[in-house]
């Protein structure tokens, strides 16, 4: 096998209560990449479609993670990457993670799978660091492992694969506005009230328990965020209206996807998800802001080979 | 049935990472109580052995919880309580909770079980509030439900019963010193670093996952506390030496039980627990401080009828 085509999924990080540690994987939204062995050593990006991104490997997220793996594997050949970018950078559904993960997943397949998922996560984090100035794995882990993940620690890296209850769907609205990463970081307090922290870790524990017990109602009651959302939601126009519409139409919960501006809703069943999607569309249709709405079942497999 | 004798167990609250929400139930340490129907209305405490506690129902933890239930049930008879107190008040293993739980559990049996466990927890919280000036359930919940519990919220009360992996034992050392509740509260910061809170909720999520997957190593890695222990451990002499001895002898984790001064260690298997108990005894034997050491399997049943 000298060439592989892969689908690298979008992901939702934080999942309301689990800032910086929880995430889940989407199915219908994602990038495609072709990874090809070449006699020429090194990493060469030969094609980028969808968005304007750098072709120099060391300036490209997918290139940086690829270079990290290449340095470790040290094969006597190189790789070409073709990137078909569908996830808009800065949308809050793990665009850079999808890029970072795609190259190393594909290369690992072409190398005969010498690396496990945790090692792939580690390589991908090098690419993610280029985009976000720090190594984190809350989008990378669900893209690689699929389903719900909990990043227990980053150094050393430890990812827990959580169970995914059946018939769980996500609705994503991506308002086409730009939130600068620096702004979405700066708005977060360095210190938080102990009482809020207790509420948050009670909800994280409850959410993990809900996933293990297929308890959708408990999942719903756990999807709250008293720490980050009160600050970051200010940067997202009509956030409260979207949440109200989602919950009124049967969503289990609704929160900011990653650092935004995308908003996710979790729903039991596709029909509820479609209803929630329509209600959210109705909210944003009344505004001047362009937007996209997606419905996706939770993707329990993660990144996959297409061809 | 007009009379019942019950065993009301000691409990460990917080469990390192889960301040204010997690707890587990002990087996060999606990109070005994006799609860008896009487023609005389009201709650009458007729006997207290072990420690010097008030006989007036409204000033006694077991009496206050009993009165709360009595007011709700409104039977045309009353109850007598005999309290055989084995758990020293202020030891940090849920002494007041055992009292608060014992009376309402016994009365519920004699009334024909009109109340479920969550309702019992609610009544017991009224008694606990007498001892600790606020209603909390992190010791009451494990005493009533058994095993590991997570108090998702207090108002409305929601207790999650978590699974308990097999062969899990606790070692408790109770240094016979007094820590004033006011002092152990005052030492806690009102604000904590967001980064520490993230570490803590990552560990709470991991601990819940570990309990569901019988992963003792993950349980071990989750039993850390970067928020409360650094402050409260200063009030407990030789805390670090105890922890070092426990971990070096195979304990999965070691932390402050409730607000202290007791220290708990969790161990896989009785033989490890016995070894850890001996190592901890060796630490405190070199000091002038009197102490007790107990070994108990995790009690998955909670409070129980003896006769």
Inset, instruction - Answer yes or no as to whether residue A:126 is in contact with a strand residue (DSSP E or B) (Cβ under 7 Å, 6 or more places away or on another chain) and not in a loop (DSSP other than H, G, I, E, B). - result: no
Inset, instruction - Please list, ordered by first then second residue, the pairs with beta carbon atoms under 8 Å, 6 or more apart or interchain, first in the range B:142-163 and away from chain A (no Cβ under 11 Å), second assigned to a helix (DSSP H, G or I) and surrounded by fewer than 20 Cβ atoms within 10 Å (Cβ to Cβ). - result: B:144/B:117; B:145/B:117; B:157/B:118
Legend entry - Selected residue [more than 11 Å from chain B (Cβ to nearest Cβ), crowded, with 23+ Cβ neighbours inside 10 Å, closer than 28 Å to residue B:158 by Cα and under 19 Å from the mean Cα position of the chain (by Cα)] from A:223, A:207: A:223
Inset, instruction - Could you figure out which of (1) in contact (Cβ under 8 Å) with a residue 24 or more places away in the chain; (2) within 21 Å of residue A:167 (Cα to Cα); (3) out of contact with any strand residue (DSSP E or B) (no Cβ under 7 Å at 6 or more places or on another chain); (4) surrounded by fewer than 24 Cβ atoms within 10 Å (Cβ to Cβ) isn't true of residue A:238? - result: (2)
Legend entry - the range A:262-307: number of residues that are over 26 Å from residue A:224 (Cβ atoms) and assigned to a helix (DSSP H, G or I): 1
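Criterion first (over 15 Å from residue B:36 (Cβ atoms) and in the same structural domain as residue B:13 (by TED's automatic domain parsing)) does residue B:55 satisfy it? Full working, then the answer.
Values: over 15 Å from residue B:36 (Cβ atoms): yes; in the same structural domain as residue B:13 (by TED's automatic domain parsing): yes.
The answer is yes for residue B:55.
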Inset, instruction - Could you figure out which of (1) in a helix (DSSP H, G or I); (2) touching a helix residue (DSSP H, G or I) at 6+ places or on another chain (Cβ under 9 Å); (3) farther than 21 Å from residue A:306 by Cα isn't true of residue A:89? - result: (1)
Inset, instruction - All but one of (1) in contact with a helix residue (DSSP H, G or I) (Cβ under 8 Å, 6 or more places away or on another chain); (2) in contact (Cβ under 8 Å) with a residue 60 or more places away in the chain; (3) more than 21 Å from residue B:210 (Cα to Cα) hold for residue A:232, so report the exception by its number. - result: (2)
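Is it the case that residue B:137 is within 14 Å of chain A (Cβ to nearest Cβ), out of contact with any helix residue (DSSP H, G or I) (no Cβ under 8 Å at 6 or more places or on another chain), modelled with pLDDT under 95 and closer than 18 Å to residue A:202 by Cβ? Lay out the reasoning, then the answer.
On the way: within 14 Å of chain A (Cβ to nearest Cβ): yes; out of contact with any helix residue (DSSP H, G or I) (no Cβ under 8 Å at 6 or more places or on another chain): no; modelled with pLDDT under 95: yes; closer than 18 Å to residue A:202 by Cβ: yes.
Spelling it out, it is not the case that residue B:137 is within 14 Å of chain A (Cβ to nearest Cβ), out of contact with any helix residue (DSSP H, G or I) (no Cβ under 8 Å at 6 or more places or on another chain), modelled with pLDDT under 95 and closer than 18 Å to residue A:202 by Cβ.
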Inset, instruction - For the range B:66-82, state whether one or more residues are buried (at least 17 other Cβ atoms within 10 Å of the Cβ), within 20 Å of the chain's Cα centre (by Cα), more than 28 Å from residue B:292 (Cα to Cα) and in the same structural domain as residue B:12 (by TED's automatic domain parsing). - result: yes
Inset, instruction - Please report, ordered by residue number, the strands (runs of 3 or more DSSP E) entirely within the range B:3-63 with at least 2 residues that are touching a strand residue (DSSP E or B) at 6+ places or on another chain (Cβ under 8 Å), in contact (Cβ under 8 Å) with a residue 40 or more places away in the chain and within 14 Å of another protein chain (Cβ to nearest Cβ). - result: B:22-38
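Being within 23 Å of residue B:235 (Cα to Cα), free of Cβ contacts under 8 Å to residues at least 60 places away in the same chain and facing chain A (nearest Cβ under 7 Å) is the filter here; which residues of the range B:187-202 pass it? So that I can check it myself, show each step before the final result.
From the range B:187-202, those within 23 Å of residue B:235 (Cα to Cα) are B:187-193, B:196-197, B:200; that's our starting set.
Applying the additional criterion that residues be free of Cβ contacts under 8 Å to residues at least 60 places away in the same chain yields B:187-193, B:196-197.
Result: B:188, B:189, B:190, B:191, B:192, B:193, B:197.
Of B:235, B:223, B:247, which residue is in the same structural domain as residue B:197 (by TED's automatic domain parsing) and closer than 19 Å to residue B:148 by Cβ?
Numbers: B:235 fails: closer than 19 Å to residue B:148 by Cβ; B:247 fails: closer than 19 Å to residue B:148 by Cβ.
Answer to the check: B:223.
The values are calculated or read from the model by the stated rules, or taken from the named source; none is laboratory data. Note that this is a predicted model, so its numbers are computed, not measured. All Cβ positions, even for glycine, are placed from backbone atoms using ideal geometry, and neighbour counts span all protein chains on display.
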